[in-house]
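A.B. asks: A single structure is presented below for examination.
The values are calculated or read from the model by the stated rules, or taken from the named source; none is laboratory data. It should be emphasised that the depicted structure is a prediction, and the values quoted were computed from it without experimental measurement. When we count neighbours, we look across all protein chains shown, and the Cβ atoms used for this are built from the backbone with ideal geometry, even at glycine. Each accessible area value is taken on the protein alone, full model and side chains, heavy atoms only, with ligands, DNA and RNA left out. Shrake-Rupley method; radii C 1.70, N 1.55, O 1.52, S 1.80 Å.
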Amino acid sequence: MKLPNSLLRSLLLSFPAVLSAASIELSLNQPSGLYDKGEEVALTIRGEGLSSAPLQLTIQKNNQEILSQKLAFSADSATHTLSYSFNDPGSLIFEVSHGDASDSIGILIAADTLQPGSPRPADFDAYWSKQKAKAQKLRLKVTQSPIELDASESGYEAFNVEVNSPGPRPLRAILAKPAAAAPGSLPIVIQYRAAGVKGEWCRAKTHEALALAKRGNGALALDTNAHGMLNHEDEAYYEELENGPLKNYWEQGNTDRDSFYFRFMYLRMLRSIEYMTRLPEWDGKRILVIGESQGGGQALAAVGLDPRVSAAVVTVPAMCDWGGPLAGRKGGWPQPIDWNRDKPAVIETAPYFDAAHLLKGSQATLVAEIGHIDQTCPSTSIYAALNQADGKVIAYPVSYRTHGWPAGDDRAHWDATTHAAKNAFIDDYLK
């Protein structure tokens with residue numbers, strides 16, 4: 001990328017030395033971080049407590065470094081603005097550092113024009129129609145056992161649930177619901193889990209299922225395990241899975257669409273919807289799916305594979321635009337093509353499980369949070385997927401968000417804005 005002369009001139013300008021705690025803060029003239037082609041981008045750098053040593057500016061385009069440059073500064077100003085424009089669609093991540101002090105911020109150029117990096121296979125719909133038909137032929141077998149609740153949860157009930165599914169493991173989850181709900185009175189909300197095996201964030205939890213069941217005016221809530229793991233087991237159980245059959249699960253079978261791990265994950269996801277829609281309390285209309293990272297990728301897959309799913313709330317979703325590297329961009333986690341550019345079978349397999357292709361033509365309402373400095377689930381990958389949907393899309397771009405939750409002052413701002421808005425949508429949708 002050729003940098004504008006205005007940016008190059010700005011690199012020679014200076015910053016002050018201030019005798020206080022060193023800090024750097026970046027901001028944009030468009031807080032959303034979204035820009036049109038050729039639109040002026042103003043990046044403001046505020047420095048406090050910095051010595052006379054130069055600042056380090058690093059710029060990445062589409063998650064790949066394109067510039068590393070020193071910025072000199074003097075005592076005449078604590079603030080400076082770099083002004084420039086870009087015409088190529090994609091992402092830019094800016095990082096400015098000085099010793100232990102640093103800050104990063106990201107922008108997207110023409111986000112609404114981004115398209116999947118890989119072509120959608122000609123037999124994509126036929127393949128998934130066949131997979132769903134096979135799953136539906138498998139008679140639904142459900143094992144359900146009650147979970148004892150505290151007296152404070154009076155009026156609700158919860159169950160350990162196991163549902164048979166194609167593949168090596170069944171669906172396992174926790175169901176929670178109001179105890180006295182009338183038939184046809186409740187919406188469905190299903191939570192899918194983030195990546196990993198033994199981490200606490202990977203496991204279904206009774207208190208989270210109950211919290212979901214209390215949202216809105218009450219709901220049929222299912223908190224799932226991504227891997228069909230048992231609920232409430234000793235740590236040794238999860239350790240054994242992580243170091244044994246689920247070690248590097250995201251790579252398993254990635255050269256064959258019928259053996260790929262994500263095929264079985266998505267079939268378990270479809271099984272969760274089938275199970276929930278057979279509960280007599282379902283209102284027959286609303287199915288909301290939610291998830292973060294890998295859970296967000298599953299939620300988007302649910303929207304694409306089952307048209308009964310009416311809405312999704314996803315946070316920095318994975319499994320988007322795996323073909324990104326074919327278009328000069330980093331793909332979404334787990335980046336199967338990024339790591340296997342020399343393996344044609346992987347490149348051929350991945351598109352069948354890419355949310356960017358699964359979402360094509362979807363009519364569901366999509367609420368999505370996108371982190372503009374996310375290196376795990378790049379912003380470009382998520383926009384490329386969302387752009388395929390035909391339903392309403394509500395995007396919450398966060399220019400300062402990595403893949404993890406924001407911290408410090410950023411966390412307070414995020415809590416009051418993006419996080420609050422997503423929660424408000426869930427509560428309103430489930431009323």
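A.B. asks: So for the stretch 63-77 (the condition being modelled with pLDDT of 95 or more and touching a helix residue (DSSP H, G or I) at 6+ places or on another chain (Cβ under 8 Å)), does at least one residue qualify?
C.D. replies: yes
A.B. asks: Quick test for you: out of 163, 96, 189, 142, pick the one residue that is of a type in the set (Val, Ile, Thr) and open to solvent by 60 Å² or more (accessible area, probe 1.4 Å). Talk me through it step by step, then tell me what you get.
C.D. replies: On the way: 163 fails: open to solvent by 60 Å² or more (accessible area, probe 1.4 Å); 96 fails: open to solvent by 60 Å² or more (accessible area, probe 1.4 Å); 189 fails: open to solvent by 60 Å² or more (accessible area, probe 1.4 Å).
Answer to the check: 142.
A.B. asks: Here's a follow-up. Checking the condition crowded, with 16+ Cβ neighbours inside 10 Å and either under 23 Å from residue 396 (Cα atoms) or among the hydroxyl-bearing types (Ser, Thr, Tyr) (or both), which residue from 108, 50, 82, 57 passes?
C.D. replies: Numbers: 50 fails: either under 23 Å from residue 396 (Cα atoms) or among the hydroxyl-bearing types (Ser, Thr, Tyr) (or both); 82 fails: either under 23 Å from residue 396 (Cα atoms) or among the hydroxyl-bearing types (Ser, Thr, Tyr) (or both); 57 fails: either under 23 Å from residue 396 (Cα atoms) or among the hydroxyl-bearing types (Ser, Thr, Tyr) (or both).
Only one candidate passes the filter, namely 108.
A.B. asks: Suppose we filter 314, 303 for residues that are in a helix (DSSP H, G or I), in contact with a strand residue (DSSP E or B) (Cβ under 8 Å, 6 or more places away or on another chain) and of a type outside the set (D, E, K, R); which single one remains? Break it down stepwise before answering.
C.D. replies: Values: 314 fails: in a helix (DSSP H, G or I).
Sole residue among the options that is in a helix (DSSP H, G or I), in contact with a strand residue (DSSP E or B) (Cβ under 8 Å, 6 or more places away or on another chain) and of a type outside the set (D, E, K, R): 303.
A.B. asks: Restricting the search to the stretch 215-238, which residues are open to solvent by less than 50 Å² (accessible area, probe 1.4 Å) and within 18 Å of residue 163 (Cβ to Cβ)?
C.D. replies: 220, 221, 222, 223, 224, 225, 226, 227, 228, 229, 231
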